[in-house]
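Chemist: I am attaching a structure below and will ask some questions about it afterwards.
The values are calculated or read from the model by the stated rules, or taken from the named source; none is laboratory data. Computed from a predicted structure; not experimentally measured. Backbone-built Cβ (ideal geometry, glycine too); neighbour counts: all protein chains shown.
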Amino acid sequence: MNGRNKSYLSVCRTVVLSAVLAATLLTALPALAIDALTVGVFPRRDPAVTMKLFKPLRAYLEENLGIPVRLETAKDFTAFEAQVAQRRYDLVHFNQYQYLIANKASAYDVLAQNEEFGETRISGAIYVHKDVGITDLEQLKGKTIIFGGGEQAMMSYIVPTYLLRQAGLNKGDYTEQFAKSPPNAVLATFMRQAHAGGAGEVVRRLPLVTGKIDVMQLNLIAVSEPLPHLPWAVKRELPDALKDQMRTLLLELKDTDAGKEILKSAKMTGFNPAQDSDYDAHRAIIEAVEGGVD
């Protein structure tokens with residue numbers, strides 16, 4: 001075999017080996033895109049209201065990601081959490097407790113967090129109607145307290161319960177009732193369907209509440225320390241490039257007039273960066289109330 005043929009065969013081998021190596025590397029790398037994205041929003045509000053509020057955000061993500069984006073919620077907290085456990089959603093808006101459960105059990109990682117009324121933190125509170133004559137937590141012994149959203153509601157059940165425990169009231173010292181959502185707990189308290197109500201402090205400022213009742217007739221007899229706001233999280237296995245793109249799209253919304261309109265529809269003033277350690281304070285409260293995140 002002459003030198004020219006040897007050189008030719010050497011080049012061919014190099015090309016073939018390079019192609020094989022490239023194919024191997026491509027097989028080992030995760031896909032850079034997905035065919036569609038499902039966004040889940042927890043039923044903090046009525047499901048129909050939730051779908052309406054977040055419809056512009058869905059359209060924004062779909063346009064800028066270049067893939068179909070589905071928006072979903074659930075009829076109540078229990079149904080929503082069942083969907084999360086089945087990992088139905090790719091991008092999820094949680095309450096803090098739901099996030100901590102999903103982070104541990106279902107491999108979801110925080111991507112960003114809400115900013116509402118220009119605030120990056122949120123407090124749990126206990127409400128009473130001015131007319132009931134209750135001014136401190138100790139007076140709730142033997143009374144009925146209505147909480148918003150169920151036992152998994154971080155700011156409307158777990159944090160208010162923590163406040164009660166700090167005041168020396170234990171389970172059984174008062175009667176628990178539950179409203180479908182935090183706003184409904186505040187409305188029920190206003191209508192004196194319970195002696196007190198547990199909900200986030202911010203709930204009394206939501207148009208859904210202020211448009212129906214005179215919130216000045218409600219007193220807050222306990223308010224927690226401000227805690228990091230409601231998180232958005234993604235499936236851990238999604239491509240990093242897609243996670244980065246979604247994070248950037250969310251964080252940039254408050255920088256443009258069009259973005260501010262999308263935020264306004266969702267009753268928000270922005271998205272802010274977040275990391276898992278931001279929610280360690282919530283872990284400590286859950287530990288005190290329930291013995292930890294199951």
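Chemist: Looking only at the stretch 158-176, which residues are at pLDDT below 95 and either crowded, with 24+ Cβ neighbours inside 10 Å or under 16 Å from Ser224 (Cβ atoms) (or both)?
Modeler: Passing the criteria: none in range.
Chemist: Could you say whether any residue in the stretch 264-276 is over 16 Å from the mean Cα position of the chain (by Cα), farther than 30 Å from Ile145 by Cα and modelled with pLDDT of 95 or more?
Modeler: yes
Results for (1) within 27 Å of Glu116 (Cβ to Cβ); (2) within 20 Å of the chain's Cα centre (by Cα), shown as yes or no for each residue.
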{"residue": "Asp131", "(1), (2)": "no, no"}
{"residue": "Ile145", "(1), (2)": "yes, no"}
{"residue": "Glu151", "(1), (2)": "yes, yes"}
{"residue": "Leu163", "(1), (2)": "yes, no"}
{"residue": "Gly172", "(1), (2)": "no, no"}
{"residue": "Thr175", "(1), (2)": "no, no"}
{"residue": "Gly197", "(1), (2)": "yes, no"}
{"residue": "Glu201", "(1), (2)": "yes, yes"}
{"residue": "Leu220", "(1), (2)": "yes, no"}
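Chemist: Among the residues in the stretch 47-59, are any surrounded by 11 or more Cβ atoms within 10 Å (Cβ to Cβ), assigned to a strand (DSSP E or B) and modelled with pLDDT of 95 or more?
Modeler: no
Chemist: Now a separate question. Name the single residue that is modelled with the highest pLDDT among those in the stretch 62-90 being of a type outside the set (Ser, Thr, Tyr) and crowded, with 24+ Cβ neighbours inside 10 Å.
Modeler: The selected residue is Phe80.
Chemist: When the stretch 60-82 is examined, which residues are found to be in a loop (DSSP other than H, G, I, E, B) and in contact (Cβ under 8 Å) with a residue 24 or more places away in the chain?
Modeler: Ile67, Pro68, Thr73, Ala74, Lys75, Asp76
Chemist: Next up: With the requirement that a residue be within 11 Å of Asp90 (Cβ to Cβ) and acidic (Asp, Glu), what does the stretch 234-264 give you?
Modeler: Passing the criteria: only Glu237.
Listed here are the residues, each with its yes/no results for (1) among the basic types (Lys, Arg); (2) crowded, with 23+ Cβ neighbours inside 10 Å; (3) part of a loop (DSSP other than H, G, I, E, B).
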position	(1), (2), (3)
Gln98	no, yes, no
Glu115	no, no, no
Glu151	no, no, yes
Ser156	no, yes, no
Phe178	no, no, no
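Chemist: So, in the stretch 117-141, how many residues would count as being part of a strand (DSSP E or B) and either loosely packed, with under 13 Cβ neighbours inside 10 Å or small (Gly, Ala, Ser) (or both)?
Modeler: Result for the stretch 117-141: 2.
Chemist: If you take the residues in the stretch 100-109 that are over 18 Å from Arg44 (Cα atoms) and in contact with a strand residue (DSSP E or B) (Cβ under 9 Å, 6 or more places away or on another chain), which one is surrounded by the most Cβ atoms within 10 Å (Cβ to Cβ)?
Modeler: Tyr108
Chemist: Continuing with this model, one more query. Looking at Val186, is it in the same structural domain as Val128 (by TED's automatic domain parsing), of a type in the set (A, V, I, L, M) and touching a helix residue (DSSP H, G or I) at 6+ places or on another chain (Cβ under 6 Å)?
Modeler: yes
Chemist: Are any residues in the stretch 205-229 part of a strand (DSSP E or B) and within 20 Å of Thr135 (Cβ to Cβ), and if so, which ones?
Modeler: Answer for the stretch 205-229, where residues must be part of a strand (DSSP E or B) and within 20 Å of Thr135 (Cβ to Cβ): Leu218, Asn219, Leu220, Ile221, Ala222, Val223.
Chemist: So, one more: On the basis of being surrounded by 15 or more Cβ atoms within 10 Å (Cβ to Cβ), in the same structural domain as Asn95 (by TED's automatic domain parsing) and touching a helix residue (DSSP H, G or I) at 6+ places or on another chain (Cβ under 9 Å), does Val203 make the cut?
Modeler: no
Chemist: Which residue out of Val202, Val234 is in a strand (DSSP E or B) and closer than 25 Å to Pro273 by Cβ?
Modeler: Val234
For (1) more than 30 Å from Glu237 (Cα to Cα); (2) outside any strand (DSSP E or B); (3) among the charged types (D, E, K, R), each residue gets a yes or a no:
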position	(1), (2), (3)
Val110	no, no, no
Pro160	yes, yes, no
Arg165	yes, yes, yes
Val186	yes, yes, no
Arg192	yes, yes, yes
Gly198	yes, no, no
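Chemist: Check whether at least one residue in the stretch 137-156 is under 19 Å from Ala284 (Cβ atoms), touching a strand residue (DSSP E or B) at 6+ places or on another chain (Cβ under 6 Å) and not assigned by TED's automatic domain parsing to the domain that holds Ser277, and report yes or no.
Modeler: Looking for residues that are under 19 Å from Ala284 (Cβ atoms), touching a strand residue (DSSP E or B) at 6+ places or on another chain (Cβ under 6 Å) and not assigned by TED's automatic domain parsing to the domain that holds Ser277, one finds at least one in the stretch 137-156, hence yes.
Chemist: Tell me yes or no: at least one residue of the stretch 267-282 is part of a helix (DSSP H, G or I) and of a type in the set (Lys, Arg).
Modeler: No.
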